[in-house]
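A.B. asks: Next up is a structure, given as structure tokens.
Derivation of every value follows stated rules applied to the coordinates shown; laboratory data play no part. This is a predicted model, so every value here is computed, not measured. Note that each Cβ is placed from the backbone with ideal geometry, even for glycine, and that neighbours are counted across all protein chains shown.
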Amino acid sequence: MYGDDIASVLITQEEIAGKTKELAELIAKRYPADAPEGDLLLVGVLKGAIFFMTDLAKALPIPTQMEFMAVSSYGSSTSSSGVVRIMKDLDKDIAGRNVLIVEDIIDSGLTLSWLKRNLSTRNPASLEVVTLLRKPDALRTHVDVAHVGFDIPNEFVVGYGLDYAERYRDLPYIGTLDPKVYS
Ligand code: XMP
Ligand code: MG
């Protein structure tokens, strides 16, 4: 539906669904359903992580609650500035809660490492990260990530929540964008 803007399908809808189920089983093992800290709190990073977050929540066999944050590090360019700004903060206090940050993609890692530092100052009982995608060759900082769906090549990808200038989020798969779109 986007003409020939998508150069190739990197991860299919079926592969995403299978991996989400796998991750959900691993995550559920780490948090008892009746933890004294209360329900696991999924913190999604808007907007990219929405599709993954809702599918993950449905696949998790334990009760979860959901909160969202919006941070901006990119504008509509395709490389990280390292400068992170909170556009929308959490509505709730996370002190004493088990928090799982749900990310769409870790590229340089700068956004996530900043976010982890920020949230850890709010004294959650635990703070871990699950990301659907990671680009190992693009990492510019070390950041501890408990669960990774797919390691992918260092190419700009779109779909399943990921955008370029707000487009392509609605694709049900992850694809690479033809460079002609952004050059
Ligand atoms: P960093 O570099 O800080 O970036 O790890 C994380 C955020 O940047 C966005 N991002 C992408 N968005 N295709 C996208 O649509 C990509 O290939 C891509 N790489 C990074 C994304 O919002 C992520 O949370
Ligand atoms: Mg984006």
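A.B. asks: Just to confirm the number: angle between the C-alpha axis of helix 13-30 and the first principal axis of the chain, 0 to 90 degrees, nearest 10?
C.D. replies: It works out to around 20 degrees.
A.B. asks: Taking segment 1-108, which trypsin sites (Lys or Arg not before Pro) meet the DSSP loop condition and have no more than 14 other C-beta atoms within 10 Å?
C.D. replies: Sparse-neighbourhood loop trypsin sites (Lys or Arg not before Pro): 92.
A.B. asks: Find which of 120, 1, 101 sits farthest along the positive direction of the dipole of the chain, computed with +1 on the beta-carbon of Lys and Arg, -1 on that of Asp and Glu, about the Cα centre.
C.D. replies: So the residue we want is 120.
A.B. asks: Once you charge only the Cβ atoms, +1 for Lys and Arg and -1 for Asp and Glu, what is the size of the charge dipole of segment 1-111 about its Cα centre, to the nearest 20 debye?
C.D. replies: The dipole of segment 1-111 has a size of about 200 debye.
A.B. asks: Rounded to the nearest 10 degrees, what's the angle between the helix 50-59 long axis and the longest principal axis of the chain, both from Cα atoms, 0 to 90?
C.D. replies: Long axis of 50-59 versus the principal axis of the chain: about 50 degrees.
A.B. asks: Scattering from the C-alpha atoms of the chain alone, worked out with Debye: what is log10 I(q)/I(0) at q = 0.09, 0.14, 0.17, 0.18 1/Å?
C.D. replies: Results for the chain at q = 0.09, 0.14, 0.17, 0.18 Å⁻¹ read -0.31, -0.75, -1.10, -1.23.
A.B. asks: Magnitude of the Cβ-charge dipole of segment 99-152, K/R +1 and D/E -1, about the Cα centre, nearest 20 debye?
C.D. replies: It works out to roughly 240 debye.
A.B. asks: Next question. For helix 110-120, what angle does its Cα long axis make with the longest principal axis of the chain, in degrees from 0 to 90 and rounded to 10?
C.D. replies: 10 degrees
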